[in-house]
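Asks: Dumping the structure here so I can ask a few things about it.
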Amino acid sequence: MKTKKSIENPDWELIAKFMSNEASLAEKEEVEQWAAQSEQNCKELEKTEVLLNKTDWFFRLKNYDTDTAWQQVREKSYSVQSSYSQNNNPKRVFSPALLRYAAAVLIALLLGATGYYFGFKNQIREVYSEIISAEKQVVNEYVLPDGSVVTLNSNSKLEFPKKFKKNVREVTISGEAFFDVKSDPEKPFIIHAGNAEVKVLGTSFNVCAYPEAETVEVVVEAGTVEVICHQKKKLEENRKLLLNAGEKGTLLNYSRKIEKTLNADPNYLAWKTRNLVFDQTPLNEVIQYLNKTYHTDIQFKGKNIEQLVLTAQFEKKSVDFILNVIQLTFDLELTRENETYILSEG
């Protein structure tokens, strides 16, 4: 756009040609240069494009006769400066001033129609994407618009905008996920997880926030994160804390308090890595880890089985392999009924 044009008085004729892909290469460069002059100009161009797209969608939804509508706009906006000559050769002459006026009228009509429709919506919601994992889904990784990588556990849901805002990256998690956030000091990454909010710049950590659970847990693998509790009442105590690598933050949903401890669970990420470490671990706890990691149903029969403890390490092994090791280690019987594994005394 020419430098003499300001945001208060943009060249709507040129913008209209640009939006309709009728501008020449030089005119396109002129519009792009104008948009690059200031953030305000850029926003104005983006806003106009969004409104034009939404208006086009609205008219098509309402089954308007667009050809007739455009013809009426032309008839009301354009002035014919000459008529047919005597030899019946038609010739129309358009004044540049009238063309600018027509473009301005067209933009005004589009903006007005859009405002009329979206006025009933109270606000224009952003377009969001949703990823939902099945109850026993195989672990999958997803790349977000900014390049951050998220791994979802089973029975979890991740919601995020198709395009992050310019000053912040926000997502919502229900369930459990591991985040490997791409560093961007100018654009913090915020995760809404139940009653908790996790804020980071670039790091990797695990968030467990199932709706039915009594807690929201955040375990940091690398970097630093800030955990904030959404209080029912504005209380400063235990409202937020910083977590460094190796630390765990636990938000108690009932009392809305946050506790920080060292992470003593080597298997907190086993659902993702399939790496399990047991050090004098009671067998009933081992079974709980296996059920969560492999989404299995393992049960045991016998009073003495609960007193057994296991010391072992498994790296990317199948649940059948691990159960066979347990069976041979403690001389147990292993049977399977449909989808249920049963460990019993021999």
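Asks: Could you please find all residues in segment 184-201 being of a type in the set (Gly, Ala, Ser) and over 16 Å from the mean Cα position of the chain (by Cα)?
Replies: Ala196
Asks: State which residue is modelled with the highest pLDDT when the search covers only segment 302-320 and only residues that are open to solvent by less than 40 Å² (accessible area, probe 1.4 Å) and over 14 Å from Thr281 (Cβ atoms).
Replies: Among residues in segment 302-320 that are open to solvent by less than 40 Å² (accessible area, probe 1.4 Å) and over 14 Å from Thr281 (Cβ atoms), the one modelled with the highest pLDDT is Val319.
Asks: Among the residues of segment 229-236, is there at least one that is part of a strand (DSSP E or B) and either closer than 30 Å to Ala193 by Cα or of a type in the set (Lys, Arg) (or both)?
Replies: yes
Asks: Please tell me if Phe178 is at pLDDT 95 or above, under 30 Å from Cys42 (Cα atoms) and of a type outside the set (Lys, Arg).
Replies: No; evaluated as a whole, the condition is false for this residue.
Asks: Only one of these is open to solvent by 60 Å² or more (accessible area, probe 1.4 Å), in contact with a Leu (Cβ under 9 Å, 6 or more places away or on another chain) and of a type in the set (S, T, N, Q): Gln288, Gln299. Name it.
Replies: Answer to the selection: Gln299.
Asks: Test of understanding: among Leu241, Leu283, which residue is of a type in the set (A, V, I, L, M) and touching a helix residue (DSSP H, G or I) at 6+ places or on another chain (Cβ under 7 Å)?
Replies: When all the criteria are applied, what remains is Leu283.
Asks: Something else now. So Glu259 clears everything in (1) open to solvent by less than 100 Å² (accessible area, probe 1.4 Å); (2) charged (D, E, K, R); (3) touching an Asp or Glu at 6+ places or on another chain (Cβ under 9 Å) except one condition, right? Which one?
Replies: (3)
Asks: OK, next. Taking the condition open to solvent by 50 Å² or more (accessible area, probe 1.4 Å), assigned to a helix (DSSP H, G or I), modelled with pLDDT of 55 or more and not hydrophobic (A, V, I, L, M, F, W, C), does Asn53 pass?
Replies: yes
Asks: Got a sec? Which of Leu323, Leu251, Leu343 is open to solvent by less than 60 Å² (accessible area, probe 1.4 Å), at pLDDT 95 or above and either in a helix (DSSP H, G or I) or not acidic (Asp, Glu) (or both)?
Replies: Of Leu323, Leu251, Leu343, the one residue that is open to solvent by less than 60 Å² (accessible area, probe 1.4 Å), at pLDDT 95 or above and either in a helix (DSSP H, G or I) or not acidic (Asp, Glu) (or both) is Leu323.
Asks: Also, quick follow-up: Quick one: which residue in Arg336, Arg274 is open to solvent by less than 60 Å² (accessible area, probe 1.4 Å), within 25 Å of Lys136 (Cβ to Cβ) and basic (Lys, Arg)?
Replies: Arg274
The values are calculated or read from the model by the stated rules, or taken from the named source; none is laboratory data. If you're wondering where the values come from, they're calculated on a predicted model, not measured in any experiment. Positions of Cβ are generated from backbone atoms using ideal geometry, with glycine treated the same way; all protein chains shown enter the neighbour counts. Ligands, DNA and RNA are excluded from the accessible area calculation, which covers all protein heavy atoms including side chains. Shrake-Rupley method; radii C 1.70, N 1.55, O 1.52, S 1.80 Å.
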